[in-house]
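No value in this document is a laboratory result; all are computed from the given coordinates. Note that the coordinates shown come from a computational prediction; the quantities given were computed from them, not determined experimentally. Neighbour counts run over all protein chains shown; Cβ positions are idealised from the backbone, glycine included.
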Amino acid sequence: MKIYLSTNYRNLNPVREALEMISGRLNIELYQADYFNIEEQIVPQIIETIKKSDVVVADISNENPNIYYEVGIAHSLGKPVILVSQTNNFNRFSLLSYRFYNYDTDEKGIKNLSFRLEQILSDNNELNQLKIFLNPRIDQW
């Protein structure tokens with residue numbers, strides 16, 4: 001399963017850690033924008049990687065515009081998007097009308113997030129509920 005991780009955490013990344021806990025059981029290949037070729041334009045690389053991914057996991061904790069952009073790309077492509085956040089106190093545009101999962105950054109919180117992500121990623125019905133189809137022709141990018 002190919003997962004695109006949209007987050008602005010680089011070093012200590014609790015969501016990446018949670019996904020790595022289950023990567024062996026679910027055969028996860030994890031992609032993140034930080035690891036792209038910086039000599040080329042990054043937006044086409046992001047779009048292409050999201051297109052090739054089965055699922056997008058987006059950490060909207062810090063309301064980063066880049067993450068919203070990546071979530072929008074995933075939605076337009078009809079990809080399932082799992083939204084996670086350390087908070088539910090958002091001040092600007094947010095995705096709160098969509099299902100999202102709170103997590104804590106301590107060891108127990110990361111284990112709980114890992115457990116919940118494994119449940120979602122193992123259930124095709126659950127993943128299908130996380131798809132949003134805005135325009136059926138947009139997936140032909």
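What's the extension gain from Ser122 to Tyr69 if we count 0.36 nm per residue and subtract their Cα-Cα distance? Walk me through the intermediate numbers first.
On the way: separation 53, 0.36 × 53 = 19.08 nm, distance 2.62 nm.
Roughly 16.5 nm would be gained on extension.
According to the square roots a ≥ b ≥ c of the eigenvalues of the Cα gyration tensor, what is the shape class of segment 36-84, taking rounded for a/c under 1.5, prolate for a/b larger than b/c otherwise, and oblate for the remainder?
On the way: a/c = 2.09, a/b = 1.26, b/c = 1.66.
Verdict is oblate for segment 36-84.
Quick one: grab the alpha carbon gyration tensor of segment 1-86, order the square roots of its eigenvalues as a ≥ b ≥ c, and give me rounded if a/c is under 1.5, else prolate or oblate depending on whether a/b is larger than b/c. List each step's numbers first, then the result.
Numbers: a/c = 1.28, a/b = 1.19, b/c = 1.08.
Rounded is the answer for segment 1-86, as its axis ratio a/c remains below 1.5.
Extension gain Tyr98-Glu20, at 0.36 nm per residue separation less the Cα-Cα distance, in nm? Each step should come with its number before you reach the end.
Details: separation 78, 0.36 × 78 = 28.08 nm, distance 2.47 nm.
Stretched fully, the Tyr98-Glu20 segment lengthens by 25.6 nm.
How far apart, in nm, are two points set 7 Å out from the Cα along the Cα-to-Cβ line at Gln86 and at Lys108?
Here the answer is 1.8 nm between the modelled labels.
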